[in-house]
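**Student:** Here it is: the structure, laid out below.
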Amino acid sequence: MPQSLAQVYLHLVFSTKNRARFFQNLAFREKAHAYLAGTCRNLDCPALIVGGVEDHVHILCKQGKTVTIPGLIRELKRESSKWIKEQSPDLTSFYWQQGYGAFSISPSHLDALKAYIANQEEHHKTETFQEKFRRVLAKYNAEYDERYVWD
């Protein structure tokens with residue numbers, strides 16, 4: 001019997017619109033991360049870890065066989081935005097940035113990336129989201145136009 005197999009890990013990164021600090025409250029941030037993990041699971045893209053700080057998230061997940069990267073991002077942002085706006089009248093102005101970063105990860109690098117995502121607070125004591133994202137883009141040799149990365 002033929003079968004189709006896939007083992008593709010993704011590192012997804014996206015920010016709140018204009019890097020607004022909607023996730024300053026740690027308890028709320030953790031709930032939002034859990035919601036994103038649940039959305040990944042519902043899309044058959046189980047999250048290994050979700051983390052981030054006040055203005056952005058990192059998601060390490062296994063890509064499902066039936067969803068495209070743009071489709072996954074679209075659903076993650078749509079579902080989580082809806083949920084976030086329902087949490088408080090103070091959050092009705094919440095939006096994610098339009099863009100995102102999506103990078104393939106070798107299974108041999110999963111542990112290091114999990115540790116990186118788990119320690120976001122520490123990493124961002126000395127670097128902004130923009131500085132860190134530029135370094136990630138450079139690490140993956142990703143071509144980008146600075147005019148369109150930040151919204």
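The values are calculated or read from the model by the stated rules, or taken from the named source; none is laboratory data. Just so it is clear, the model here is predicted, and its values are computed rather than measured. Every residue, glycine among them, receives a Cβ derived from its backbone with ideal geometry; neighbour counts consider all protein chains shown.
**Student:** In region 11-43, what count of residues is obtained for those that are outside any loop (DSSP other than H, G, I, E, B) and over 20 Å from V53 (Cβ atoms)? Lay out the reasoning, then the answer.
**Tutor:** Of the residues in region 11-43, the ones outside any loop (DSSP other than H, G, I, E, B) are 11-19, 26-42.
Now restrict to residues that are over 20 Å from V53 (Cβ atoms): 38, 41-42.
Total satisfying the criteria: 3.
**Student:** I've got another one for you. Filter region 36-64 down to the residues that are surrounded by fewer than 21 Cβ atoms within 10 Å (Cβ to Cβ) and more than 21 Å from H124 (Cβ to Cβ) and list them by number.
**Tutor:** G38, R41, N42, L43, D44, P46, K62, G64
**Student:** For region 9-30: of the residues being under 15 Å from A118 (Cα atoms) and surrounded by 15 or more Cβ atoms within 10 Å (Cβ to Cβ), which is farthest from the chain's Cα centre (by Cα)?
**Tutor:** Checked region 9-30; the qualifying residue farthest from the chain's Cα centre (by Cα) is R29.
**Student:** Starting from region 100-119, take each residue that is more than 23 Å from N18 (Cα to Cα) and list its partners that are of a type in the set (S, T, Y) and surrounded by 12 or more Cβ atoms within 10 Å (Cβ to Cβ), counting only C-beta distances under 6 angstrom and pairs at least six apart or across chains.
**Tutor:** Cβ pairs passing all conditions: I105/Y9.
**Student:** For region 17-76, which positions are of a type outside the set (A, V, I, L, M) and touching a residue at least 60 places away in the same chain (Cβ under 8 Å)? Break it down stepwise before answering.
**Tutor:** Step one: list which residues in region 17-76 are of a type outside the set (A, V, I, L, M), which gives 17-19, 21-25, 28-31, 33, 35, 38-42, 44-46, 51-52, 54-56, 58, 61-66, 68, 70-71, 74-75.
Across region 17-76, the qualifying residues are K17, N18, R19, F22, G51, G52, D55, H56, H58, K65.
**Student:** Which residues, taken from region 128-143, are farther than 20 Å from V53 by Cβ and out of contact with any Gly (no Cβ under 9 Å at 6 or more places or on another chain)?
**Tutor:** First, the residues of region 128-143 that are farther than 20 Å from V53 by Cβ: 138, 140-143.
Across region 128-143, the qualifying residues are A138, N141, E143.
**Student:** How many residues are closer than 18 Å to V57 by Cβ and either loosely packed, with under 12 Cβ neighbours inside 10 Å or in contact with a Cys (Cβ under 8 Å, 6 or more places away or on another chain) (or both) when one looks only at region 129-139?
**Tutor:** Of the residues in region 129-139, the ones closer than 18 Å to V57 by Cβ are 129-137.
Filter once more, so that each one left must be either loosely packed, with under 12 Cβ neighbours inside 10 Å or in contact with a Cys (Cβ under 8 Å, 6 or more places away or on another chain) (or both): 131, 135.
Adding up the residues that qualify gives 2.
**Student:** Does region 105-122 contain at least one residue that is under 19 Å from Y35 (Cβ atoms), more than 13 Å from the chain's Cα centre (by Cα), among the hydrophobic types (A, V, I, L, M, F, W, C) and at pLDDT 85 or above? Spell out the reasoning first.
**Tutor:** Applying the first criterion (under 19 Å from Y35 (Cβ atoms)) to region 105-122 yields 117-118, 120.
Narrowing the set further to residues that are more than 13 Å from the chain's Cα centre (by Cα) leaves none.
No: region 105-122 contains no residue that is under 19 Å from Y35 (Cβ atoms), more than 13 Å from the chain's Cα centre (by Cα), among the hydrophobic types (A, V, I, L, M, F, W, C) and at pLDDT 85 or above.
**Student:** Out of curiosity, is Q87 closer than 18 Å to N25 by Cα, surrounded by fewer than 16 Cβ atoms within 10 Å (Cβ to Cβ) and out of contact with any Gly (no Cβ under 6 Å at 6 or more places or on another chain)?
**Tutor:** On the way: closer than 18 Å to N25 by Cα: yes; surrounded by fewer than 16 Cβ atoms within 10 Å (Cβ to Cβ): yes; out of contact with any Gly (no Cβ under 6 Å at 6 or more places or on another chain): yes.
When the stated conditions are applied, Q87 passes them.
**Student:** Let me ask something additional. With respect to V67, is the statement that it is hydrophobic (A, V, I, L, M, F, W, C), out of contact with any Leu (no Cβ under 8 Å at 6 or more places or on another chain) and surrounded by 14 or more Cβ atoms within 10 Å (Cβ to Cβ) true? Steps first, please.
**Tutor:** On the way: hydrophobic (A, V, I, L, M, F, W, C): yes; out of contact with any Leu (no Cβ under 8 Å at 6 or more places or on another chain): no; surrounded by 14 or more Cβ atoms within 10 Å (Cβ to Cβ): yes.
For V67, the condition - hydrophobic (A, V, I, L, M, F, W, C), out of contact with any Leu (no Cβ under 8 Å at 6 or more places or on another chain) and surrounded by 14 or more Cβ atoms within 10 Å (Cβ to Cβ) - is not met.
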